[in-house]
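Trainee: I have a structure I would like to understand better, so I am pasting it below and will then ask my questions one at a time.
Bear in mind that the values in this text are calculations on the coordinates, not laboratory data. Note that this is a predicted model, so its numbers are computed, not measured. Note that each Cβ is placed from the backbone with ideal geometry, even for glycine, and that neighbours are counted across all protein chains shown.
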Amino acid sequence: MKRTILFPLLAVLLTLLGGACTEQTATTVAADSTDVVDSVDMVLRVRQTSRLYTAEYQVHKIITHADVKHLRTTLLGHTYDTRLSLGDRKVAIPIDVTLQAYIDFSNFHESQIERSADGRHLHVILPDPKVLVVASKVDHESTKQFTDLLRSDYSNEELADFTAQGVRSILHQVPRLGIFDTARDNAAAILIPLFASLGYSESDVVITFRKEFTERDLPFYYDESNRKITN
Amino acid sequence: MKTNKNLFLWIVLTSVLLVLAALLLRKCNEDRNLLAVEVVSSNAIDLTPAQIRSIQRIGRWEFLTITDEELVDTIRHRTLGRDDRLVRIYHGTLRLGIDLSECQEGWIFTHGDTVFLTLPPVHLLSDQFIDEARTRAFYEKGTWDARAKEQMYQKAARQMKRRSLTPANFRQAEDNARRQLTTLFHSFGFNHTEIRFNK
């Protein structure tokens, strides 16, 4: 009989002790911040370039995801979709993305320069501008999750996947953001005075680009090289 | 005798049903349109607009790009049970070059077939160089708040700077700037290019 009472009592004591210890750990974390134990480098790649960055856009986006479970039944070619009442979860991730447009002079060639016979007029055909994501930053403080009792929180892996999708969706909107016009205008604003310093009159210098850009050009204008870790 | 006959019939019937069920399952497996039941949820994000916060005209010439990945590991010790741990891999691209807006009056002039350039010092072109959208959560145990993630981000940035902003890399950027600009001005008919960097 004594033993029967002793075990539950011991269990309650251990639970209370455990709770107290957990609370203490949490306090320590809040006070001392996280304890970084180790960090190692993975990849370091150095590349020589010659790029003139002429436009920078700061883009803000709130990435949202609603996770609703459905029961999908397929019978004899017909699909029936039923929403399951297992509980939903939602997340909103604010993100700031820095886009920059540049002109790549690495492969610039003499053939892209035309001079008039008298040497007064200069026509320069510049390479097409390209856009890349220079940086992206998640506002972790403002990230909000709403999770029902039966569901677990989103994992960091899932959140990282949504963030990557968000950046991709911003890139698909690049042609509509007007960054190419800004890049071209500013390239001319930088280079014309530079050519004038070489002895040309500013009114005699003409800078041209290939064409207007649309979403169809996405594979061409978007610089994929920096999205890959290794060649 | 009758009991044995009934038992035999039951066995035959059960066997036939089992074979039919197996065949049906196999067919269903081959043809998902026949019968399939699954619990699904979408991993695609919702369509939301992007808002332009700022547009800036810049004039930065990049001569060296350093792509770096850093693994940052954070651990939270627990008195009871296993420690919480979060391991994330950060991706960053640091760009070294010159900011043309820092060029002083008379930074470029010509004399005969020579062009003279006085350039501002090579430096890190932007302090925002981590692409957090490419961050990968390598290992995760426990719940981590925004502060912990921000600290990991800052730690990764410090490590990337320490590893990338070396005198050797600055020298390499300057050497490349000389090479690239000499080639560029050669295209414009200048046989010689004299380049000097302000310190």
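Trainee: Collect residues whose amide H, placed 1.01 Å from N in the peptide plane, falls under 5 Å from the amide H of B:I58; neighbours closer than 5 in sequence don't count.
Mentor: A:A55, A:E56
Trainee: Round to the nearest 10 and give me the degree value, 0 to 90, for the angle of helix B:146-164's Cα axis relative to the longest principal axis of chain B.
Mentor: Between the helix axis and the principal axis of chain B, the angle is about 50 degrees.
Trainee: Now, a different point. Using a simple spin-label model with points 7 Å from Cα along the Cα→Cβ vector, what separation in nm is obtained for B:D113 and B:V19?
Mentor: Roughly 9.6 nm, to one decimal.
Trainee: So, R0 is 30 Å and r is the distance between the beta-carbons of A:H109 and B:R171; what FRET efficiency does that work out to, to 0.05?
Mentor: Rounded to the nearest 0.05, the efficiency is 0.65.
Trainee: Apply 1/(1 + (r/R0)^6) to the Cβ-Cβ distance of B:R82 and A:S142, taking R0 = 35 Å, and write down the FRET efficiency to the nearest 0.05.
Mentor: Once rounded, the FRET efficiency stands at 0.70.
Trainee: Considering only Cα-Cα distances, which of the following residue pairs are longer than 19 Å: A:K130/B:K155; A:K137/B:K141; A:K144/B:K149; B:K155/B:K199; A:K61/B:K161?
Mentor: A:K130/B:K155; A:K137/B:K141; B:K155/B:K199; A:K61/B:K161, as the Cα separations exceed 19 Å there.
Trainee: Quick one: 3J(HN,Hα) in Hz for segment A:104-121, Karplus 6.51/-1.76/1.60 with θ = phi - 60°, rounded, Gly and Pro as x.
Mentor: 8, 9, 4, 10, 5, 10, 3, 5, 8, 10, 10, 10, 6, 4, 7, x, 7, 9
Trainee: With everything on Cα atoms, drop me the angle between helix B:167-187 and the longest principal axis of chain B, reported from 0 to 90° to the nearest 10.
Mentor: Here the helix axis deviates by roughly 70 degrees.
Trainee: A further question follows. How big is segment B:1-97 in terms of Cα radius of gyration and Dmax, in angstroms?
Mentor: For segment B:1-97, the Cα radius of gyration and maximum Cα-Cα distance read 32.4, 101 Å.
Trainee: Which angle from 0 to 90°, rounded to the nearest 10, does the C-alpha axis of helix B:2-30 make with the longest principal axis of chain B?
Mentor: Taking Cα atoms only, the helix is inclined about 20 degrees.
Trainee: What aspartates and glutamates could a cross-link reach from A:K69, if we take a straight Cα to Cα line under 20 Å and drop same-chain neighbours fewer than 8 places away?
Mentor: Answer for A:K69, where 20 Å is the Cα cut-off: A:D81, A:D88, A:D148, A:D153, A:E157, A:E158, A:D161, B:E38, B:D46, listed by chain and number.
Trainee: Once R0 is set to 41 Å, what does the formula 1/(1 + (r/R0)^6) return for the Cβ-Cβ distance between A:S197 and B:Q154, expressed as a FRET efficiency to the nearest 0.05? Don't skip to the end; give the middle numbers.
Mentor: Working: r = 42 Å, r/R0 = 1.02.
Efficiency for this residue pair is about 0.45.
Trainee: Counting only DSSP beta bridges with both residues in chain B, what percent are antiparallel, rounded to the nearest 5?
Mentor: 80 percent
Trainee: Additional query: Within segment B:180-199, name every residue whose backbone N is under 12 Å away from a label modeled 7 Å from Cα of A:Q48 along the Cβ vector.
Mentor: Residues passing the 12 Å test: B:180-183.
Trainee: I would also like to ask the following. Based only on the alpha carbon positions, what is the Kirkwood hydrodynamic radius of segment A:45-166, in angstrom?
Mentor: Answer for segment A:45-166: a Kirkwood hydrodynamic radius of 19.5 Å.
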